[in-house]
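In what follows, a structure is listed as structure tokens, so that the remarks can point back to it.
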Amino acid sequence: MSNEILKMKNITKIYSNGVIANKDVTLSVNKGEIHALMGENGAGKSTLMKILFGIEGKNSGDIYFEGKRIEAVNPSDMINIGIGMVHQHFMLVDSLKVYENVILGMEPRKGVFTDTQSAIKLVADTAKKYNLNVDPMAKVSDISVGLKQKVEILKVLIRGAKLLILDEPTAVLTPQETEELFEQLILLKDNGHTIIFISHKIREVRQICDRITVLRGGRSIGVIPVENSTEEEISRFMVGRDVVLDVDKKPASFGEVLLRVENLNYKNKYGKQLLKDVSFNVRKGQILGIAGVEGNGQNEIAESIFGFNNNINGKITFRDISLLDKSIRDIRNLGISYIPEDRMTIGVTKDVSIWENLVSDSIDNKSLKNKGLLNIKKIKGYARELIREFKILCRNEDQQVAMLSGGNTQKVVVAREFSSDPNLLIANQPTRGIDVGANEFIWKKIIDLRDKGRGIILISADLNEIMELSDSILVMADGEVAAFFEDGKNTTEYELGLYMLGIKRQSLEERVGKFEKE
Ligand SMILES: Nc1ncnc2c1ncn2[C@@H]1O[C@H](COP(=O)(O)OP(=O)(O)OP(=O)(O)O)[C@@H](O)[C@H]1O
């Protein structure tokens, strides 16, 4: 008897603008396996999963689940038949408790009221069964990112998911949390669950998955068993060429201080202190990596430098000019660029064209003007150059950004921010959701910028990225600097994880002494 739990057969999806996102794609997943879905940005992975989960319709093809042909019409029908999706952006209500989030919409009843005790017990029992250590009574706003992910997994398990789709689940986790997640996934697998694992991280796929289906240009080009295949073979299969993600970097040569952040304190509009006495410098020719679990102040540092935050105490100076009283436009004009973490809300304007997004920060650029007016022909030519250089997969520069895949949207932001040739680049999760080929390209761009004597702040939850690129490393925990390594080689991914989780912390003398030396 076949062990196949899911078969997607000859799936074709053509979006309304004519883009063929899936062409005759076949995906076969066995019961009890962890099956990776890989491929370059725009290869069609999200589209295929959206079709399976009933978010997008297909033009043709058939889907079989547990031997029966199914019509995926909407997510709630899919949940009812046993398919659950854990999205990359968590969908939890922060103000509610863990158990309330888990049972939302399926509350056990006692008469007309929710049976609170049964609900808590159900959540606690399910958490125990799958070794998902979460406190049902904790408020979601108070728990870590790693725990939030567990709550999301619990939500789908409690609804009876037999097949779980995980979309880049390790993107925001520390190495320790990733290891824990992997142990939980193995436990799920041992319990007979099946997992589809979408990821760009070949190392992790090799660690946890049984087989890989690779999509390229909207087609399924093959299935690889993970056993006995090397990282190089997998990347070659995906990209069609060898990709070396080992960085070849000249020794750093730091110049004068470009940016000084001194005793930065920041409270959000609810009065919560998100930055406490944060101090550091960035020099010419330096990549300063800032590591931290999401929500520990890294975003607030970036946003404070770039003029998004009021309510700041402390000093931020760029070449001795205070940035605190400057507008975002003034800050850009000083030569500071920003790749924001949240590409969808801050990074791009989704409902306008690629070219408009690419030049949105260059309206003061004289070379794009003719007698003071924007020269659209020139601008579009310039946009086409960036599309080519950054390999943005699109029909042409007039296409709306909303129609791009996640990774290609990120490339639009990255292309725009590099194109201004900044003196200081703040890159917040620059390669999140980006495929190996584009990752290699962006890393090279960052290193080239540093070698031209510019300063870079690299904020990343990916510790491999921090370790590979950074000359110096700062670790944030709970809004404070938990550690600083002037020479990033003096630490390990594992040790950084301990600082990120608040298990270890350097003393003030240990940290301050280092960057005060000039
Ligand atoms: N809503 C949409 N309308 C039109 N085209 C779309 C839409 N969503 C995606 N596409 C196009 O479909 C193709 C496949 O995109 P999809 O998001 O499935 O890729 P992906 O493999 O998930 O990429 P990534 O790794 O970047 O997330 C791309 O060419 C993309 O531009």
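Since every read-out is calculated from the coordinates, none of them should be taken as a lab result. Since we're looking at a predicted model, the values are computed, not measured. Quick reminder, even Gly has a Cβ in these numbers, built from the backbone with ideal geometry, and neighbours come from all protein chains shown.
Do the sum for the chain: with -39,500 (n - 2.57) for every DSSP H run of n ≥ 4, divided by all residues, what is the mean residue ellipticity at 222 nm, to the nearest 500 deg cm²/dmol? Each step should come with its number before you reach the end.
Values: 17 runs with 169 residues, N = 518.
The per-residue figure over the chain is -9500 deg cm²/dmol.
For the pair Asp487/Thr114, report the inter-label distance in nm, with labels modelled 7 Å from Cα in the Cβ direction.
Spacing of the two 7 Å Cα→Cβ label points: 5.5 nm.
Can you give the FRET efficiency to the nearest 0.05 for Glu66 and Tyr494, using r as the Cβ-Cβ distance and R₀ = 35 Å?
On the way: r = 41 Å, r/R0 = 1.18.
The value I calculate is 0.25.
How many nm is it between the label spots at Asn17 and Glu385, if each spot is 7 Å from the Cα in line with the beta carbon?
2.4 nm
Mind listing which chymotrypsin sites (Phe, Trp or Tyr not before Pro) in region 194-289 are in a DSSP loop and have 10 or fewer other Cβ atoms within 10 Å?
Working: sites: Phe197, Phe237, Phe254, Tyr266, Tyr270, Phe280; in loops: Phe254, Tyr270.
Answer by residue number: Tyr270.
Let a ≥ b ≥ c be the square roots of the eigenvalues of the Cα gyration tensor of region 346-466; is it rounded (a/c under 1.5), or, if not, prolate (a/b larger than b/c) or oblate? Don't skip to the end; give the middle numbers.
Details: a/c = 2.12, a/b = 1.36, b/c = 1.56.
In terms of gyration-tensor shape, oblate.
Can you work out the Karplus-derived ³J(HN,Hα) for every residue in region 467-476? Use 6.51 cos²θ - 1.76 cosθ + 1.60 with θ = phi - 60°, whole Hz, and x for glycine or proline.
Each residue of region 467-476 in turn: 5, 5, 9, 6, 7, 10, 10, 10, 10, 9 Hz.
Return a whole-number percent for the relative contact order of the chain, with Cα pairs under 8 Å and 6 or more residues apart as the contact set. It would help to have the intermediate numbers written out before the result.
Values: 1011 pairs, mean separation 80.8, N = 518.
Relative contact order here is 16 percent.
Starting from the Cα-Cα distance between Leu104 and Asp351, subtract it from 0.36 nm times their residue separation and give me the gain in nm to one decimal.
Using 0.36 nm per residue and subtracting the Cα-Cα distance, I get 85.7 nm.
So if R0 is 41 Å, what FRET efficiency would Val73 and Lys377 give, r being the distance between their Cβ atoms, rounded to the nearest 0.05?
Values: r = 46 Å, r/R0 = 1.12.
Once the sixth-power term is evaluated, E becomes 0.35.
Determine, from the Cβ-Cβ distance of Leu324 and Lys269 and an R0 of 25 Å, the FRET efficiency 1/(1 + (r/R0)^6), rounded to the nearest 0.05. Intermediate results must be reported in sequence, preceding the final value.
Values: r = 18 Å, r/R0 = 0.71.
Computed FRET efficiency for Leu324 and Lys269 comes out at 0.90.
In nm, give the distance between the simple-model label positions of Lys121 and Glu4, each being 7 Å from the Cα along the Cα-to-Cβ direction.
About 4.3 nm, to one decimal.
Starting from the alpha-carbon convex hull of the chain, give the projected area averaged over all orientations, in nm². Walk me through the numbers on the way to the answer.
Working: hull surface 104.4 nm².
That works out to 26.1 nm², a quarter of the Cα hull's surface.
Grab the Cα-Cα distance for Ile55 and Asn313, subtract it from 0.36 nm times how many residues apart they are, and report the gain in nm with one decimal.
88.4 nm
Just going by the charge dipole of the chain, with Lys and Arg at +1 and Asp and Glu at -1 on Cβ, which of His200, Thr174, Gly347 is farthest out on the positive end?
Checking the options against the dipole of the chain, the answer is Gly347.
Which of rounded, prolate, oblate describes region 427-518, given a ≥ b ≥ c as roots of the alpha-carbon gyration tensor eigenvalues and a/c under 1.5 marking rounded, otherwise prolate only if a/b is larger than b/c? Walk me through the numbers on the way to the answer.
Working: a/c = 2.42, a/b = 1.47, b/c = 1.65.
It is oblate, given that a/c is not under 1.5 and a/b is not larger than b/c.
Between Leu187 and Ile81, 0.36 nm times their residue separation minus their Cα-Cα distance comes to what? List each step's numbers first, then the result.
Values: separation 106, 0.36 × 106 = 38.16 nm, distance 2.16 nm.
Extra length available between Leu187 and Ile81 comes to 36.0 nm.
Looking at the square roots a ≥ b ≥ c of the eigenvalues of the Cα gyration tensor of region 160-311, which shape do they give, rounded for a/c under 1.5, prolate if a/b is larger than b/c, or oblate?
Numbers: a/c = 2.89, a/b = 1.63, b/c = 1.77.
Because a/c hits 1.5 or more and a/b fails to exceed b/c, region 160-311 counts as oblate.
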